[in-house]
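The values are calculated or read from the model by the stated rules, or taken from the named source; none is laboratory data. All figures in this text were calculated on a predicted structure; none of them were measured in a lab. Every residue, glycine as well, gets a Cβ built from its backbone with ideal geometry; the counts of neighbours run over all protein chains shown.
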C-alpha cells in the first residue's frame, strides 16, 4: 500500500509515511514542550490516557483511507490493486473521508465499553470530532454537522446510529480541536515534504541564548542595566521599562498602557523575553508599523527574525529549488524565532479555516504574543477577542502583552479577570509634563465656522505643520488651496492613494525641510515616522486624535501645539459607537488633555456589551456566538472575527517610476533607474507558468511587493467596462495619464466620472 509516489524514487509505503508523521509529531511536541496531559484535560474525560492516545492515533493514522483501491490504482499507479479497482461500483479515489470512517470504526468499540453513560457520550463525541479532523486534512476546517450526517449514512451495523452531545462543546474544546488539526496537517506536511524533496526539518525557529545576549547588549538596554544617568523623556522610558519588568507574575495576559513615545517596543520585547518563550509574535494593525518596528528590531537582533505580511518579499539568493522550498516553508510555518506580522495574518492563524492558516497555529504554543495598538481592532469583536485570548492563553499556554497609548481594557467583558494584569501605574506617566504637556491642545477652531483661511493663518505663523482631514476629497481640496495661496513652503499631500515610494519620500522631506506643510488623511495617524511641530486636525474619534498627537513633537524637544476643527462627518469612516463621543464635548476635552481615557472606554465598553446582549429574533449576538462555538462552526466564527470587511476592485496603472529618489528593496526589474509597470505586470502574469509551487510563492512575494506601487482600489460596485488586460481579478489600464496630475496624484473623481458614476469617496 503506497502513500506517495515520486518520479525518480521508489514509492513510499503507507507504513513509512506513518513513521515519518510520528517522527515530526514527536519533534513538534518536544520542541514546543507540549503538555499532552493538560491538552487532554480540556476535553473533561476522566480516562486521560484514552484522550492522549486518541489524539496521537488520529494524527498518525489519518491516511488509512489510502487503502481505497481507487486511490491506490489511480493516484498511486499501484498495479497490485487493479483487480480490486475494477470490482468497485463507484470508482472514487478520495481517501480522507474513508480514513475518518475507518478511524471511527477502529475505536468505537473501546468507546461503548465505557460503563458510565456520561463518559461514554463524551468519548463518542471526541471520537467523532477527531474523525472529522481526519476527513478535513486536505480541505477546509468547516462543515462539522454535514460530516456527522455523512458519517452516519456511511456506517453499517450496531454503531451506525449515534447522537452528538452539543452541550459538551465549549470554547476551550473549540480551540483545542483546532490546535490538534494544526498538529495533524503540519506533521503530515513535514513528512510528505521529506519523502518528496529529501528535506528534513529539524529547526522550527526557537528563541535561544543568543537572543537574550543580543538584547542585553543593545545600547539602550545596557545603559538601563548599568543605571547610567539619562535626562528628559529617557528618564520616564527607563522607569517604565523597569516597572513593567518587575510587575511580571504568573498572569497570562498583560496590559502595557503607556504614552506615545514611551519606548513600548523595547519594553515589550524585554517583557516577552522575561516570560521565556519558545517564540515571539509581534503583531501590528498596519504595515507601516511593521516596517518601523522591523527597523528597530534589526538594530538589536540583526537578521534573526522574519517579517510576514502581504508586501514583504521572501529572499532567495540563488535559483535553487530546495532553497525555494526551504524559504517558502519558513514563511508558511513561521519558523523564525521572532515574527513581526499584521493583525490580519495573526487572526487568520487564530480563526482561519484553510490549511495555510492552520499550519502555524501550533507555533503559538508556549509563545509570547505582543499586540500593539489594540484600539485599532474592530470594536464589534472586542468581547469575543477577550474570550478567545483568555482561552488561547490557557489551552496553548501562550502569553499576551497588549499595549497602546489609548488602551481599552477588554477584560471588562469577562466574569473573571484574574489572568489579566496591568504592568505599570500608567497615570503617573501620562500626567508627567513631558508626556502630558508635550503637545498643547487648542479647541478654539471648534467654536467657529470652518474657515480654510484661519487654518492658513496658523500655518503662516509656523514652519513645520501637519494638517489632517477625514476624507481624501477635503484633503485634496485643501492641498490645492495651499498650492495657490502659500509661498515659501514645501507642500505635500499624503493619502491612501499614495504608494509606499511617495510616502517614504514625503517622510524623508519631513526630516530635512526647514518649512514644510503635509496635508494628510488618517494614513498619517499610526506608524508613519513623522515628527512635526504643529498639528491641525479635523476631529473624528478620540483614538484618532491621540494617534495624531503622536506625530507632533514626538521626542518632547520643544513645545508642540495641535489645533482641532470640525469639517466632515466621521460617520462614513468609522460607523461605530465611538462617533457618539467627540472633542466638541467640553468634559471630553478635559479628559483628553489629562490623558484620562477610562471614563470614555467604560462608556464604549458598556454600549458594546449592551449591543451584543440585545436579542435579534431568537438569539442575541453573544448567544449566537456561543451556539456557533458549541456546533463547531469554524467558518461562521472566522466571519464573526473578521477585522476588516472591505470589498473592492484593484486597478493596475503601468507607469514608469524613476527609482533614484526612492528606496526599493527588490531591484530585479529595475533597468536604467526605471521600474517599469509593464514589466512588473508581465512578471505578475508569468507567475502562473511556474510549476514549482514553492518557487512560485517566493517570486510571488517579490512581485506583490512591487505591485503595491502601481495598484489602486475602488469600490466593488463600480463596473470596469474598459480595461486592457485582467489577471487574478486585477485590471490593467494603460490609458491612465488623464487620471494623474503633474505630481502623479491619482484623481479618483476623474476616474469615477469616466465610469459615469457618482461616488462620494473617502
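Looking at 123, 140, 150, 173, just one residue is touching a helix residue (DSSP H, G or I) at 6+ places or on another chain (Cβ under 9 Å), within 22 Å of residue 363 (Cβ to Cβ) and part of a helix (DSSP H, G or I), and that residue is 173. If you go through the stretch 276-283 one residue at a time, do you hit one that is surrounded by fewer than 23 Cβ atoms within 10 Å (Cβ to Cβ), outside any helix (DSSP H, G or I) and touching a helix residue (DSSP H, G or I) at 6+ places or on another chain (Cβ under 7 Å)? Yes, the stretch 276-283 contains a residue that is surrounded by fewer than 23 Cβ atoms within 10 Å (Cβ to Cβ), outside any helix (DSSP H, G or I) and touching a helix residue (DSSP H, G or I) at 6+ places or on another chain (Cβ under 7 Å). In this structure, residue 290 qualifies as surrounded by 20 or more Cβ atoms within 10 Å (Cβ to Cβ) and out of contact with any helix residue (DSSP H, G or I) (no Cβ under 9 Å at 6 or more places or on another chain). For the stretch 298-330, the candidate set comprises residues that are crowded, with 20+ Cβ neighbours inside 10 Å and part of a helix (DSSP H, G or I); within that set, the residue that is nearest to the chain's Cα centre (by Cα) is 328. Note on the stretch 626-714: enclosed helices (runs of 4 or more DSSP H) holding 3 or more residues that are over 29 Å from residue 143 (Cα atoms) and within 23 Å of the chain's Cα centre (by Cα) are 693-707. Residues in the stretch 574-589 that are outside any loop (DSSP other than H, G, I, E, B) and in contact with a helix residue (DSSP H, G or I) (Cβ under 6 Å, 6 or more places away or on another chain) were compared, and the one that is surrounded by the fewest Cβ atoms within 10 Å (Cβ to Cβ) is 579. Quick one: in the stretch 365-380, which of the residues that are out of contact with any helix residue (DSSP H, G or I) (no Cβ under 7 Å at 6 or more places or on another chain) and at pLDDT 95 or above is surrounded by the most Cβ atoms within 10 Å (Cβ to Cβ)? Going through the qualifying residues, I end up with 369.
Among the residues making up the stretch 610-625, those that are surrounded by 15 or more Cβ atoms within 10 Å (Cβ to Cβ) and in contact with a helix residue (DSSP H, G or I) (Cβ under 8 Å, 6 or more places away or on another chain) are 611, 612, 620, 621, 622, 625. Of all residues in the stretch 202-217, those satisfying the criterion of being surrounded by fewer than 18 Cβ atoms within 10 Å (Cβ to Cβ) and either more than 29 Å from the chain's Cα centre (by Cα) or not in a helix (DSSP H, G or I) (or both) are 202, 203, 206, 208, 217.
Of the helices (runs of 4 or more DSSP H) lying entirely inside the stretch 379-442, the ones with 1 or more residues being within 16 Å of residue 609 (Cβ to Cβ) are found at 382-395. Selection over the stretch 28-52 of residues that are out of contact with any helix residue (DSSP H, G or I) (no Cβ under 9 Å at 6 or more places or on another chain) and without any contact (Cβ under 8 Å) to a residue 40 or more places away in the chain gives a count of 1. Within the stretch 81-91, identify whether any single residue is buried (at least 19 other Cβ atoms within 10 Å of the Cβ), closer than 20 Å to residue 355 by Cα and outside the structural domain of residue 355 (by TED's automatic domain parsing), and answer yes or no. Looking for residues that are buried (at least 19 other Cβ atoms within 10 Å of the Cβ), closer than 20 Å to residue 355 by Cα and outside the structural domain of residue 355 (by TED's automatic domain parsing), one finds none in the stretch 81-91, hence no. In the stretch 688-709, the residues that are farther than 30 Å from residue 661 by Cβ reach residues that are outside any helix (DSSP H, G or I) with C-beta atoms within less than 9 angstrom, at least six apart or across chains, in these pairs: 688/727; 688/728; 695/316; 695/319; 696/690; 697/314.
The sole residue among 84, 105, 119 that is within 27 Å of residue 188 (Cβ to Cβ) and touching a residue at least 40 places away in the same chain (Cβ under 8 Å) is 105. Looking at 273, 184, 242, just one residue is in contact with a helix residue (DSSP H, G or I) (Cβ under 8 Å, 6 or more places away or on another chain), assigned to a helix (DSSP H, G or I) and within 30 Å of residue 439 (Cβ to Cβ), and that residue is 242. Considered as a group, the residues in the stretch 557-573 that are outside any loop (DSSP other than H, G, I, E, B) and touching a strand residue (DSSP E or B) at 6+ places or on another chain (Cβ under 7 Å) include one that is surrounded by the most Cβ atoms within 10 Å (Cβ to Cβ), and that residue is 565. If the condition is being surrounded by fewer than 15 Cβ atoms within 10 Å (Cβ to Cβ), farther than 20 Å from residue 737 by Cβ and either modelled with pLDDT of 75 or more or assigned by TED's automatic domain parsing to the domain that holds residue 291 (or both), then the stretch 647-667 contributes 647, 648, 660.
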